[in-house]
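The values are calculated or read from the model by the stated rules, or taken from the named source; none is laboratory data. Model, not experiment: these values are computed from the prediction. Quick reminder, even Gly has a Cβ in these numbers, built from the backbone with ideal geometry, and neighbours come from all protein chains shown. Just so you know, the surface numbers come from the protein's heavy atoms only, side chains and all, with ligands and any DNA or RNA stripped out. Shrake-Rupley method; radii C 1.70, N 1.55, O 1.52, S 1.80 Å.
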Amino acid sequence: MDAEQDNLENLIKQMTLEEKIGQMVQADVHWSQDIKQLIKQGRIGSMLSLQDTKLINGLQKIAVEESRLGIPLIFGNDVIHGYKTILPIPLAQACSWNMDLIFEADSVAAGEALASGTQWNFAPMVDVCRDPRWGRIAEGGGEDPYLNARIAEQRVKAYQRTHPGNRRMAACVKHFAGYGAPIAGKDYNSVDMSKRQLYETYFPPFKQAIQAGAASLMTAFHDLNGIPATANKFLLCQVLRQEWEFDGVVISDYDAIGELIQHRVAKDHREASLLAARAGVEVDMTGNAYHFHLSSLVTKGLVDESWINKAVYRILALKQYLNIFEKPYVEEKDEKEIFLTPKNLDTTRKMAEESIVLLKNDGCLPIETPGKNIAVIGPLADDPGAILGCWKCAGDPHKTETVLHAIKKKYSESKIRYCPGCTIDGSSIDREGISRALDGADVCLLFTGESAEMSGEAHNRAYLGLPGVQNSLVELVAEYRIPTVLVVMSGRPLVLTGLVSRVDAVVLALHGGSKAGEALANIIDGTVNPSGKLPVSLPRAEGQIPLYYAYNSTGRPIETKGVIQFNKEHKTKYLDLDHTPLYEFGYGLSYTTFTYSNYQCNKTEIKPGEEIRFSISVTNTGRRAGKETVQVYLQDCVASIARPVKQLYRFHQLFLQPDETTEILFTIDSEELGFFNEEGKVVLEPGEFSIFIGPSSNAPLCGSFILE
Ligand code: GLC
């Protein structure tokens, strides 16, 4: 045991049972009027949601200088997409597919949070989600486990890097597990799926985050296959501790231990404490369970003190990792030094630009000609709050430039007429105002979408069209037959069916943060060539949900004639809707065009333990430089368990000048070709694999190989 471990063991030996349990309690300032007294008694180990550095240092001073053992507090916050400089929401960032930029963006978030005293970040949220009714789809990386896992890795590394001043942050990967698949898309609702599905789709980003060194993990609110995640031994003991050998701290979500009573698996807080402790939950976030009941469970022999000691060891080791025994206080600095610096604003602007997805362009974008008469219409054009998104932390709408302001700056010689036309969720349309704005206009920029409060936690929607009367607003504007760009600024994929055909261009700009306005203006005038690609399938209708590209063929695939019964084609489809997404996973246009050619593969057969190498050439065949995200999908053609028609295995980003061609080489190891069986074990089976390479999940078949 090294000296540091020795110190912690010695410290634990000095602690009373109450002081040990104190480390397992996280409070917020509303939790008790006696918060200062409880800190002095060593009954609180960490605090939640404080942003005032004076208050943070004041409470820390009590813990360090007035409590018996002087153990410092950790201060936690949800820095999901920025602290004061707000970044695009995570789902928007996922549209960039740019791992380096995500790392840079999260480094900005962590730097501002650390400078404000937050050292425990309840992020990354890595819940795969294939259901845009669920409001928290905004917080994650979309529908695909591979893309989510790549992003999770970057976020953990960015948060837990050594920051200026040798400050350290602890990541907290959440919400374990399967939280993104609630029945009917309602937050907190039950999740029911096979273990195989959990291992194949919902576990990979968590496992990747843990392999990247995540210091902590948060349990989820929902019941998984009938057992609440916060009392689920399969999740927290078998998978997390035994199979993945996670040795970090496990914290509940907000009073999720107490909610075991509402789940009706515990009759009171005492029983809830017992269930959570036996599953291995080590910190009770703002609940009344551990603080009031864990001690008596230990003295009655129902919970071993040896487990308490192990939990407290992990919590103290976290504090040691964060360096707060040596440096418990946060330096109170001038806000201008740490927040909204030019560098931080530049990062969030770049992130927003690369998060924008061009869905349709009949040629009216980019608007490069100066002096055009521009009508700016829509309720999102001048709404600084909406663009900050669902977890705006310390973000300030008053310090956020709106899209309208950015457009006016960008097109200073143009005559710009603005009319909101309607409110985000109102029921009336300002026909007069719209008519005046459109009078003499050469082009209309129509900014529609959701408020920040329409997505995020508990904010689920059953209808996914534009809220309020915005659909009618689009249709009204379309009647004027002026070239119209529809910009959708939301926290989730929306149903845009019926609108796309009415306008000349469609841009999806999921809530883009502090510099969303400038980013959109740079895309609209062509300063920046859009490169975003969808991390989620866009549905034609809510009835398609859950909707994802990695579906199984089924016995009656849509692509075949199916079975002719009663003179009808019986196959996996709808009578009343095209079964495909409106826009597919991985899709996104550019102001230039790219072609793929010259696919090559080094082998047509590989043995287990060998790797397959293949390459493709990509050419920029348009008139402007641009970024392309080349995507590689595989299909396991025949296996003992039905395999998806396609699965994302690799992606690579290229920036090409006009007429430039680049060859990209990919390597896939045979070990990656396995899949999970019903017990959650990886099996590798011989057989044929098809390779699809292209600009989206509709990538064409390029070739195949045999795994012997
Ligand atoms: C919330 C969220 C969780 C967050 C926690 C603390 O209810 O579910 O993601 O980290 O409480 O704010």
**Prompt:** Helix 99-115 versus the longest principal axis of the chain: what is the Cα-based angle in degrees, 0 to 90, to the nearest 10?
**Reply:** 40 degrees
**Item:** Percent accessible area from carbon and sulfur atoms, the range 425-499, protein chains only, probe 1.4 Å
**Value:** 44 percent
**Prompt:** Quick one: what Rg and Dmax do you get for the range 586-708 from the alpha carbons, in Å?
**Reply:** 15.8, 53
**Asked** Can you give the translational diffusion coefficient of the range 330-370 in µm²/s, computed by Stokes-Einstein from the Kirkwood radius over Cα pairs at 10 °C and 1.306 mPa s?
**Response** 117 µm²/s
**Complete:** Fraction of alpha-carbon pairs in the chain farther than 40 Å apart, rounded to whole percent, equals 35 percent
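Determine the order of His293, His222 by accessible area, beginning with the largest, at a probe radius of 1.4 Å.
Final ranking, largest accessible area leading: His293, His222.
Stokes-Einstein D for the range 101-237 at 10 °C, 1.306 mPa s, Kirkwood Rh over Cα pairs, in µm²/s? Can you show the working numbers first?
Numbers: Rh = 15.1 Å.
The Stokes-Einstein estimate is 105 µm²/s.
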**Fill in**
Result for the range 328-442: accessible area per residue, probe 1.4 angstrom, in square angstrom, of 47 Å²
**Asked** Of Pro88, Leu235, Val630, whose Cα points farthest to the positive end of the dipole of the chain (charges on the beta-carbon: +1 Lys, Arg; -1 Asp, Glu; origin at the Cα centre)?
**Response** Pro88
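What's the magnitude of the charge dipole for the range 107-227 around its Cα centre, counting Lys and Arg as +1 and Asp and Glu as -1 at the beta-carbon? Answer in Debye, nearest 20.
Numbers: 14 positive and 11 negative charges, 76 e Å.
Magnitude of the dipole: close to 360 debye.
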**Prompt:** About the Cα centre of the range 230-358, what is the dipole size in debye to 20, counting +1 per Lys and Arg Cβ and -1 per Asp and Glu Cβ, all else neutral?
**Reply:** 400 debye
**Asked** In terms of the ratio Rg/(2.2 N^0.38 Å) built on C-alpha atoms, what value belongs to the range 562-629?
**Response** 1.85
**Message:** Calculate log10 I(q)/I(0) of the range 275-330 for q = 0.14, 0.29 Å⁻¹, where I(q) comes from the Debye formula with a single equal point scatterer on each Cα and nothing for solvent.
**Reply:** -0.46, -1.17
**Request:** Considering only DSSP beta bridges where both residues belong to the chain, give the percentage that are antiparallel (nearest 5).
**Result:** 55 percent
**Asked** What base-10 log of the normalised intensity I(q)/I(0) is obtained for the range 430-532 from the Debye formula, alpha carbons as equal point scatterers, at q = 0.12, 0.16, 0.18, 0.21 Å⁻¹?
**Response** -0.43, -0.76, -0.95, -1.21
**Request:** Measure nothing fancy, just the Cα-based angle from helix 145-159's long axis to the longest principal axis of the chain, in degrees from 0 to 90, nearest 10.
**Result:** 60 degrees
**Message:** Could you tell me which residue out of Leu316, Leu464, Gly76 lies farthest along the dipole of the chain toward its positive end? Charges go on the beta carbon: Lys and Arg +1, Asp and Glu -1, centred on the Cα centre.
**Reply:** Leu464
**Complete:** Within the range 6-136, pairs of Lys residues whose Cα atoms are less than 24 angstrom apart, provided they are eight or more positions apart or on distinct chains, add up to 10
**Request:** Please give every one of the lysines within straight-line cross-link reach of Lys571, meaning a C-alpha to C-alpha distance under 26 Å, and leave out same-chain neighbours fewer than 8 residues apart.
**Result:** Lys561, Lys646
**Message:** Tell me the accessible surface of Thr423 in square angstrom (1.4 angstrom probe, heavy atoms of protein chains only), to the nearest ten.
**Reply:** 80 Å²
**Mean projected area (nm²) of the alpha-carbon convex hull when the range 343-493 is viewed from all directions** = 9.7 nm²
**Prompt:** If you place +1 on the Cβ of every Lys and Arg and -1 on the Cβ of every Asp and Glu, how big does the dipole about the Cα centre of the chain come out, in debye to the nearest 20?
**Reply:** 500 debye
**Message:** Rounded to two decimal places and with Rh computed the Kirkwood way over Cα pairs, what is Rg over Rh for the range 1-145?
**Reply:** 1.07
**Request:** Leaving ligands, DNA and RNA out of it, report the carbon-plus-sulfur percent of the accessible area of the range 532-635 at a 1.4 Å probe.
**Result:** 51 percent
**Prompt:** Stokes-Einstein at 20 °C, 1.002 mPa s, Kirkwood radius from Cα pairs: D for the range 282-420 in µm² s⁻¹?
**Reply:** 102 µm²/s
**Prompt:** Where the Cα atoms of the range 1-73 are projected onto their three principal axes, how long is each span, largest first, in whole Å?
**Reply:** 38, 23, 19
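Can you tell me the order of 381-390, 498-507 when each peptide is scored by its average per-residue count of other Cβ atoms within 10 angstrom, highest first?
Those peptides, ordered most packed to least, come out 381-390, 498-507.
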